[in-house]
Amino acid sequence: MSEPVSALNRATFDGLAHVQEAGLQGMITLRGTVLDEGFAKAVSDVTGLALPGQRGVVSGGDSTLVWMSPDELLLLCPHGDTSDRVAKLTAALGDTHALVVDVSDARAIFTLSGPQLREVVAKLAPVDMSPAAFQPGTVRRTRFAQVAAAVWLSDAETAQIICFRSVAPYMFALLCNAATPGTAVGIF
Amino acid sequence: MLILTCPYCGVKAEETELHGGGEAHLTRFGPESSDEAFEGYLFQRENPKGVHFERWRHAQGCGKWFHAARCTVTLEVFGTYSAQTSEPPQNIRDAISAKRPGWTWRSFA
Ligand SMILES: [Zn+2]
């Protein structure tokens, strides 16, 4: 069995914010009708989490559920547990119209931390990053410069950013550039 | 800059997060339709100065297609609504009537 390696092997950068490629992360895409009772119950039973509402992020224990669209959730779990979770979810969903796919190797995840992380994100994404508009518990799917991404705050000074693995070097370059020391705009 | 609220995820998305899908509410004439109907479906488009209905996709976001009613002159947006309809809903028509009394567009008014 080959050793799993994340996109940038936990590369880091320090500037306006601390940038880190967050390493191996289990990611499971769940497609189904989020509001369907059978779907919600199966996902809740396996993950132990309440289902997030529109654009919601719910965390507990070692797992996080992210609302991606009215028929898509993303489950984050420890990388080593991924195949077990996929099997449990598939069994729990039974005949419910749904799809469960391990996408861990198709994605990269970055952590951006520090008091100025809002500055860094706002330089790259057309999103209102003011504290009044963007708080922990809400996910925003958007673009960072030219690539698709999802971003949410896991706490007031930590952002999680997900993108496709194939654009991980581009995303890291973007984040480092936007976090270059001395480039704070000071708007937030 | 055009800003549209996606009715599926509620995000106020600006134009660069969206992909335009052309005119809304076209009937897709295909095999066994008349030549005239097929030609109309392929080529005949509205080009209004004022109220217009379009399809948009929240491409850099939830990925869903939706409809938008807006003014081509002022970029004013009257509303966005579900893709699962073949005509603008009453609340959208009312919102347009409040701003543009007497508007018409194809067979809608
Ligand atoms: Zn959307």
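The values are calculated or read from the model by the stated rules, or taken from the named source; none is laboratory data. Note that the coordinates shown come from a computational prediction; the quantities given were computed from them, not determined experimentally. No Cβ is skipped: glycine too gets one built from the backbone with ideal geometry, and neighbour counts run over all protein chains shown. Areas reflect the complete protein model, heavy atoms only, side chains present, ligands, DNA and RNA absent. Shrake-Rupley method; radii C 1.70, N 1.55, O 1.52, S 1.80 Å.
Structure data summary
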| item | result |
| --- | --- |
| Mean Cβ count within 10 Å, highest first, over the residues of peptides B:35-46, B:79-90, A:42-53 | A:42-53, B:79-90, B:35-46 |
| Apportionment of accessible area to carbon and sulfur, the protein assembly as shown, percent (1.4 Å) | 51 |
| Across chain B: Cys residues that no other cysteine approaches within a C-beta distance under 4.7 Å | B:C6, B:C71 |
| Rg to Rh quotient for chain A, alpha carbon positions, Kirkwood Rh | 0.98 |
| Cβ-based charge dipole, chain A, positive-most Cα from A:L112, A:G53, A:P181 | A:P181 |
| Magnitude of the charge dipole, the protein assembly as shown, Cβ model with Lys/Arg +1 and Asp/Glu -1, debye to 20 | 660 |
| The stretch B:3-99 - accessible surface per residue (Å², probe 1.4 Å) | 54 |
| Cα Rg, Dmax (largest Cα-Cα span) when computed across chain B, Å | 14.4, 42 |
| Pairwise centroid distance, computed over Cα atoms, of the stretch A:73-101 with the stretch A:114-163, Å | 27 |
| Number of partner chain Cβ atoms within 10 Å, mean per residue of B:34-41 | 0 |
| Violating pairs (Cα-Cα greater than 23 angstrom) within the set B:K12/B:K49; B:K64/B:K99; A:K123/B:K12; A:K41/B:K64; A:K41/A:K88 | B:K12/B:K49; B:K64/B:K99; A:K41/B:K64 |
| Sites matching trypsin sites (Lys or Arg not before Pro) across the stretch A:120-188 that sit in DSSP coil, with at most 10 neighbouring C-beta atoms within 10 Å | none |
| Two-decimal log10 I(q)/I(0) for the stretch A:26-105, as the Debye equation yields it once each C-alpha is a single scatterer, q = 0.17, 0.20 Å⁻¹ | -0.54, -0.77 |
| Mean Cα-pair separation over length for chain A, i.e. relative contact order, pairs under 8 Å, 6 or more apart, % | 25 |
| Rounded Å value of the spacing that divides the Cα centres of the stretch A:1-45 and the stretch B:64-82 | 34 |
